[in-house]
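Here's the structure, in structure tokens; my notes come after.
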Amino acid sequence: MAVLEVNRFLTELAGLYEKCKEGTAGKAVTLTMKRSDLKPRTRRAKAKAKVEDRDKENSDDEYSCLVRAKHGKRKISTVVSAKDHLYFLNACNTICKAHMDALKRRDKKKKKKKAKK
Amino acid sequence: MLLDWDDFAAKAEELVREKPLHTRYTVKYKHSEGKMTLKVTDNEECWTYKTNQASDLKKMEKLNHIMSAVMTRGRSVDLDSLEEPSGEPKRGKR
């Protein structure tokens, strides 16, 4: 899975939503957020970490947010740091809002009903 | 477990603040069916919210804001000190 730059990721994300609309590849677009310290962990380290996790979580290290997106077989991911966070969030929300247009709008329904009357 | 919005948002925020390293948050969108599913899980508990209403997009934005803020800045993040996402993007549209 390719780890992309934030801007590149956003472009690709928009692309995924476009493809989803066209109906090619899979049906759904999945967008996942997960906090990550990006440290490679072996199994042993994981077992240890579980015990120490509570202490770790209390420390205010700089964490980054791992964001993944998937549509069909295409998977992309990026890492968002605290610095980029607001920028990414705004862009991401804009993209999501722009592309999720298959959802029902109440206003339209009401207008239609009024028009029928 | 399926919830209504208020419960879901509350549970989601609680979970991510409690176990920030183990919690993941997923937005799944099916265009063909016009449905959106939000999911929060830490591999022990799992909460979902399903919708087909466009009005829920605004709520989703808000939750996105909370989740990503906690995930990038730690659980003690003060949400009010951060810029609200609603103000800028309209002006900043390229």
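The values are calculated or read from the model by the stated rules, or taken from the named source; none is laboratory data. Note that the coordinates shown come from a computational prediction; the quantities given were computed from them, not determined experimentally. Cβ atoms come from the backbone with ideal geometry, glycine included; neighbour counts cover every protein chain shown.
Values as computed for the structure displayed
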{"read-out": "Flag if residue B:25 is modelled with pLDDT of 90 or more and under 15 Å from residue A:89 (Cβ atoms)", "value": "yes"}
{"read-out": "Restricting region A:74-84 to residues that are at the interface with chain B (Cβ under 7 Å from one of its Cβ atoms) and in contact with a strand residue (DSSP E or B) (Cβ under 7 Å, 6 or more places away or on another chain), the residue that is farthest from residue A:31 (Cα to Cα)", "value": "A:81"}
{"read-out": "Criterion violated by residue B:73 - all others in (1) surrounded by fewer than 19 Cβ atoms within 10 Å (Cβ to Cβ); (2) facing chain A (nearest Cβ under 7 Å); (3) at pLDDT below 85 satisfied", "value": "(1)"}
{"read-out": "Scope region A:68-95; condition among the aliphatic types (A, V, I, L, M) and part of a strand (DSSP E or B); matching residues", "value": "A:69, A:76, A:79, A:80"}
{"read-out": "Which numbered condition residue B:48 misses (of (1) touching a residue at least 24 places away in the same chain (Cβ under 8 Å); (2) farther than 20 Å from residue A:65 by Cα; (3) buried (at least 21 other Cβ atoms within 10 Å of the Cβ))", "value": "(3)"}
